[in-house]
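The values are calculated or read from the model by the stated rules, or taken from the named source; none is laboratory data. Here the structure is a predicted model, which means the values were calculated and not measured. Neighbour counts run over all protein chains shown; Cβ positions are idealised from the backbone, glycine included.
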Amino acid sequence: MSDEPARELTLYVQSKKVITSFFRPAAPTAPGDNPTADITHPTHAHVDDSLAGEEAHFLSDDQARCVALAEEIAMKRGYVVKVTDIAKAGRFERIVTERLRGVQTFPVLLGAHGERLEGVDAFTEEHLCELMPTEMGALRAFTYIKVRGGDLDRIRDVLLTLKEVKELHLLTGDWDVFVVLEFESRTGGKRQVLDFVTGRIRGIPEVLDTSTLVPEYSVTKFAF
């Protein structure tokens, strides 16, 4: 599809800067290697000087959990999350960052079209999936069912025993029941859907007629 969403999202976190007297000798590095950015170990002429204090940035566990959850869901749904710690960004950069205007709490995840999640409580699997819609791997179809007068509770129970039936809705009007079907493999296409509807659903004695829609392309915001 030509209108695929942007696949990179930006996640802003805010770590805390502390001064620590914890002494850990810097690990030897090969020429060109980059030392860790979290704790800076300056060169000390004497051991006593090394105990004077060093700067370190620590991310709270609740923010770290949000980062881990966002990265996990992004990987499953084909997205990339770029994490930026504003505590390490330059003051001028923070001022001109219009995207963070009005933000009160961190972390903040920005979607492809300006949507955003703000604060630890907003980082749920449901909300993250809404910001990362993705193509569905399974094949879904939608079937309207007309039934003869009878026990709708029994028909509901029969339909729900079929593993391909993922949702069921009772209607008023020309059709009595609407079901959402899902098939693990797309290889059978429309044929496997109609075989199932005519063989299994139309085989229920109370079913008089069906009408089925099989999408050519599907995108979901739901978790799966």
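In table form, for the structure just shown:
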item: Any chance Thr143 is in the same structural domain as Val207 (by TED's automatic domain parsing), part of a strand (DSSP E or B) and not aliphatic (A, V, I, L, M); result: yes
item: Top-ranked residue in the range 61-90 [being modelled with pLDDT of 95 or more and among the small types (Gly, Ala, Ser); ranked as farthest from Glu126 (Cα to Cα)]; result: Ala64
item: Of all residues making up the range 148-169, the number that are surrounded by fewer than 13 Cβ atoms within 10 Å (Cβ to Cβ) and assigned to a strand (DSSP E or B); result: 2
item: Filter pass, Leu109 being of a type outside the set (Lys, Arg), over 12 Å from the mean Cα position of the chain (by Cα) and outside any loop (DSSP other than H, G, I, E, B); result: no
item: Phe222 vs. criteria among the hydrophobic types (A, V, I, L, M, F, W, C), closer than 30 Å to Met75 by Cβ and outside any strand (DSSP E or B); result: yes
item: Residue in the range 197-209 that is within 33 Å of the chain's Cα centre (by Cα) and closer than 29 Å to Glu126 by Cβ present; result: no
item: From Leu171, Leu181, Leu208, residue being assigned by TED's automatic domain parsing to the domain that holds Leu159, more than 30 Å from Gly78 (Cβ to Cβ) and touching a residue at least 40 places away in the same chain (Cβ under 8 Å); result: Leu208
